[in-house]
Structures are given as structure tokens and as C-alpha cells.
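Undergrad: Take this structure first; my questions come after.
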Amino acid sequence: SSGINAEYGGKIVKLKHPKNNQACLVYFNLDSKSIKELLYCKEKYVSWFVGDSVVGNSPLSIATPLDPLFMILPYLIASNSKYSPLDQILVDQEFPYAVQLESLVSETALLQVADVKPSLDKIIKFNKEKTLSWLCKKVEKVSTAMKQQSISPGFNSTLSDEEYSKYACGIVSDYISSSLSSDLQEKIGVQLVVDADELEKPAKRPKLDNTVDHENSKPAKKSLPKGKEKAPKLTKAQKDLASVNTKGMKTMSSFFKKVSK
């Protein structure tokens, strides 16, 4: 990572993820005033399309651009809606680099999620209504991008506008708290039941147990005596073959008999 840092003028640091408050890796670039979330994918027996090449059986690191406001929101919400300088709001002993997020956002950007006092110190207060309006615009942008690029989760290629909004809301909700996601769903009129990924997974078979519930168990099927077993059902091809008159035909085995000299 030190080579990446030196080459591109940034740093790979740990920050608090806005969804679950767990540590996540972020590529932090003060020069370009941007951050990228770093994702690491490692699966067995998998290949990746990278440009015009196919890379097989190799772990893949992905850097995706991330709006710094998502990283700031948890700190802003925790400030109890009091006017405070942003650099003080972002003080975090566990994630000391969080305070650097202040340099990535302008006052104009902060106005989308907060009330800002005219000052050089970015004195701000969380505004829930502004935040929900900003998140609605994010959902709309993601939904529009999915439609334009014909991106459809799973195998369903014909999604309604409401379904696109639902999937887009799910993507945006990956970067906000559960309570804020519930408010967002209510505002745009959708309800996230399960993840898009979970819809594609087949139902898991329950583990078999050797104990028996005598009250709820069904009677066991009786086994037929030997010689009385039901004949297996024949396919149409097998039935047609059975109806052919084979009188006078040689058997297949006769073609493989040893020829006498």
C-alpha cells in the first residue's frame, strides 16, 4: 500500500463505515479532495473481466468513489443537532483520520445535509429534512444510471420504475444507518424486505435430525415385499423402442462375439 500511496499522492486509512460503524479501508486523497472505498473480493474458482482481459483465480481489489458526506453523516447525527465546528464534530480517537474529512467538503456540499452558520470554521448543525432530500436525489441518480445502462439484478430484465427505485434505495442504504434508511424508504414510498442478493438464493434445506416428533410426524410409507415393487415409469423413447418388432433381428451382443478362425 505504501507504493500506491506514494504514486498517487494519497493514503490508505481506516475510517468508520457509516452503515455499521465498523472499520473499513478507504483510499484518501487530499490532493484531489476525494475518497474511494476499498473492497476486497476473494472467491474460489472465479474469473474476472478486467478491461479486455480475463484474470482467473486471483483476488480482486476494487476502489469505488464515495461521497465524503456519507462518512460525515454519522458524526453529524451524533452531535445532537447542536451547532459545532465540523473539525470538532469529526474528532474520533478510534479513527483519528476522520478529522481530515473536513477538508474534502465545501460549505455548499454541507448545506445539503446541515444548517451552516456563515463562518470560516464550518459551524454546522444536522438537518434531517435536508438529509432525506439529498438521499432521495442519490436514489434517483442510482436508479437512472441503472436504467440507462440496463443494469438489472438477478435474471429479471424488465423492472418497473418502482422496482428500480427499490434496488437503488437498497444500494444507498448500504451507506447509512438502519433508522435513516427506514425514514428514506418512507419518504420515497418503497419498502426493503430483503437484499437483492438474498432474492436470488435458493431456500436452504433444513438439517436432518434423527429424533422424531411422534405427535406431528406422518405415518411412514409401507415398503412393498420383494417382487411386488412398482415398475419405473418409461420415457416416450423407451416406450417406442419397446413396441418395435424385433423378431429375426440380431442382438447387439452378437456383433461382438469372438470370430472363430
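Undergrad: Tell me, what % of the accessible area of the range 1-154 is carbon and sulfur with a 1.4 angstrom probe?
TA: Carbon and sulfur atoms account for 52 percent of the accessible area of the range 1-154.
Undergrad: With θ set to phi - 60° and the Karplus curve 6.51 cos²θ - 1.76 cosθ + 1.60, what are the ³J(HN,Hα) couplings of the range 108-113 in order, to the nearest whole Hz, using x for Gly and Pro?
TA: So the J values, rounded to whole Hz, are 4, 5, 5, 5, 6, 10.
Undergrad: Would you kindly find the accessible area of ASP183, with a 1.4 Å probe and non-protein molecules such as ligands, DNA and RNA excluded, rounding to the nearest 10 Å²?
TA: 40 Å²
Undergrad: OK, next. May I ask you to give the solvent-accessible area per residue for the range 2-144, in square angstrom, as obtained with a 1.4 angstrom probe?
TA: 60 Å²
Undergrad: How large, in Å, is the range 27-99 by the Kirkwood hydrodynamic radius built from its alpha-carbon pairs?
TA: The Cα-based Kirkwood calculation yields 15.2 Å.
Undergrad: Let me ask something additional. Could you rank the peptides 168-177, 141-150, 106-115 by their average count of other C-beta atoms within 10 Å per residue, with the highest value first?
TA: In decreasing order of mean packing, 168-177, 141-150, 106-115 become 168-177, 106-115, 141-150.
Undergrad: Spelling out what I want: for every residue of the range 91-98, take phi, set θ = phi - 60°, compute 6.51 cos²θ - 1.76 cosθ + 1.60 (Karplus), and round to whole Hz; glycine and proline get x.
TA: 5, 8, 5, 6, 10, x, 6, 4
Undergrad: Quick one: what does P(r) look like for the range 1-160 with 10 Å bins over all Cα pairs, in whole %?
TA: Going out from 0 Å in 10 Å bins, the range 1-160 shows 9, 29, 33, 20, 8, 1 percent.
Undergrad: Using the basic label-point model (7 angstrom from Cα toward the beta carbon), what is the VAL54 to SER106 distance in nanometres?
TA: Simple spin-label model gives 4.6 nm for this pair.
Undergrad: For ASP115 and ALA23 in the same chain, what is the full-extension length gain: residue separation times 0.36 nm, less their Cα-Cα distance, in nm?
TA: 30.3 nm
Undergrad: Leaving ligands, DNA and RNA out of it, work out the accessible area of LEU66 with a 1.4 Å probe and give it in Å² to the nearest 10.
TA: 20 Å²
Undergrad: On a full-extension model of 0.36 nm per residue, what is the gain between SER47 and LYS33, subtracting their alpha-carbon distance, rounded to one decimal in nm?
TA: 1.7 nm
The values are calculated or read from the model by the stated rules, or taken from the named source; none is laboratory data. Note that this is a predicted model, so its numbers are computed, not measured. FYI the Cβ positions are ideal-geometry reconstructions off the backbone, even for glycines, and counts take in every protein chain you see. Accessible surface areas use protein heavy atoms only, side chains included; no ligands, DNA or RNA. Shrake-Rupley method; radii C 1.70, N 1.55, O 1.52, S 1.80 Å.
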